[in-house]
Amino acid sequence: MIRSLFILFVIGISVSGFASSAVPDSLFKKSYMQDSSYIGDLSGKISFKLFTLNRTNSFAISDVGNTFESKYKPNVDVDLGFGVIYRWLKLGISFARLDRGGPESTHGKTTRLDFQGHVFTKKFDADLNIQFYNGYYLSNPASFNKDWTLGNPYPQRLDMRSRCLGGSVYYVFNYEKFSLQSVYAQSEWQKKSAGSFFLGSSLNSFAIIADSVISPDFFSNSSNSSNFFQDARFRSLAPLIGYSYTLVLFEHVFTNLTLSPGLALANTRLKNAEGLLVYKKTNIIPRFGIRFGLGYNGPKFFGGFSAEYNYRQFKFNSGEGRFGYTRGQARLYVGYRLNY
């Protein structure tokens, strides 16, 4: 059911346009105009850009009592991509591998399907992520084996698979003077410093599945059967409240910081090797989102760096065990605009 909803969400994004600057606002039933002294419209220009992209989907799990923490990471690539920006179209596709996180001999092999998309309009923004990762390695083996030294192979879990589906929609209040598009889509130009609160909601589903136990190797209470799970599924629904600010220097140099801390209503389900449900609970969990951008936005040339990371922490066994996962992406980009 959740997967079908996300497919419909993707279809909706692909066929919907971006609002023009004088379209009636369906939320407040009035027309609106962006302040041209703060925001310049670049949608009439065709922009091309090259970018490097590093994406991840990692997680950490602690034992009962938080004595030990296992940190699992995928051995992922840094990709080279190409993007096109024109009016409502903002498309980027990675087509070549530049570097791998680590050699397969020491870090193992990860295969993945990773789509993280963003839609930026003048008032409403939306994010969508679909991530299927196969193969992880334990990134902190020295915490469990004092004889392990850097250069030794990391413990590898080629049987471990993660499935992450998520989406969010939020409304930007100060849309007349503030633009996220200028920082993360380069289809507008933020001329002066400005910021805005935003409000929305997010829905996420995350699963870790393996052929053997995925819980930590050591427990302070090993008698609890839910310690030894190999199928963990988490779902969360959260209000999305935050603030974003862009500092502009000399009209073209900018830096942006976007923060969205908060709480989420989450459901946790754990199954053992026999497929039996050993733990189930719905509770309130912490969540945190951050975006950062830095760059130059000129009439023809533009370039910079941007990153986005989201974190959620689930608890099990009456809060004595923790399961936190992080997804995100970081990119370097350079581009050129053509008048059309």
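The values are calculated or read from the model by the stated rules, or taken from the named source; none is laboratory data. Since this is a predicted model, take the numbers as computed values, not measurements. Reconstructed Cβ throughout: ideal geometry from the backbone, glycine too, with neighbour counts over all protein chains shown.
Here are a few things to note about the model shown:
- Scanning the stretch 293-310 for residues that are of a type outside the set (Asp, Glu) and crowded, with 17+ Cβ neighbours inside 10 Å returns Gly293, Gly295, Asn297, Phe302, Gly303, Gly304, Ser306, Asn310.
- Gly108 vs. criteria surrounded by 21 or more Cβ atoms within 10 Å (Cβ to Cβ), among the small types (Gly, Ala, Ser) and either farther than 21 Å from Arg161 by Cβ or at pLDDT 80 or above (or both): yes
- Evaluation of Gln186 against (1) under 28 Å from Arg312 (Cα atoms); (2) modelled with pLDDT under 90 (one fails), failing number: (1)
- Total residues in the stretch 111-135, condition modelled with pLDDT under 85 and of a type in the set (Gly, Ala, Ser): 1
- Counting only strands (runs of 3 or more DSSP E) that fall entirely inside the stretch 40-89 and contain at least 1 residues that are at pLDDT below 85, surrounded by fewer than 20 Cβ atoms within 10 Å (Cβ to Cβ) and under 24 Å from the mean Cα position of the chain (by Cα), the qualifying elements are 69-73, 77-86.
- Gly101 in contact with a strand residue (DSSP E or B) (Cβ under 6 Å, 6 or more places away or on another chain) and at pLDDT below 90: no
- Here is the figure for the stretch 150-204: residues that are assigned to a strand (DSSP E or B), touching a Pro at 6+ places or on another chain (Cβ under 7 Å) and free of Cβ contacts under 8 Å to residues at least 24 places away in the same chain total 0.
Let's see how each residue does on (1) of a type outside the set (Lys, Arg); (2) closer than 14 Å to Gly289 by Cα; (3) crowded, with 16+ Cβ neighbours inside 10 Å; (4) modelled with pLDDT of 90 or more:
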{"site": "Ser223", "(1), (2), (3), (4)": "yes, no, no, no"}
{"site": "Ala238", "(1), (2), (3), (4)": "yes, yes, yes, yes"}
{"site": "Thr246", "(1), (2), (3), (4)": "yes, no, yes, yes"}
{"site": "Phe250", "(1), (2), (3), (4)": "yes, no, no, yes"}
{"site": "Leu259", "(1), (2), (3), (4)": "yes, yes, no, yes"}
{"site": "Ala266", "(1), (2), (3), (4)": "yes, no, yes, yes"}
{"site": "Asn272", "(1), (2), (3), (4)": "yes, no, yes, no"}
{"site": "Leu276", "(1), (2), (3), (4)": "yes, no, no, no"}
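- When Leu294, Leu332 are checked against the criterion of being free of Cβ contacts under 8 Å to residues at least 60 places away in the same chain and outside any loop (DSSP other than H, G, I, E, B), a single residue qualifies: Leu294.
- Filtered residues of the stretch 97-120 (kept if in a strand (DSSP E or B) and more than 23 Å from Gly83 (Cβ to Cβ)): Thr111
- Some residue of the stretch 311-318 being part of a strand (DSSP E or B), modelled with pLDDT of 90 or more and out of contact with any Gly (no Cβ under 6 Å at 6 or more places or on another chain): yes
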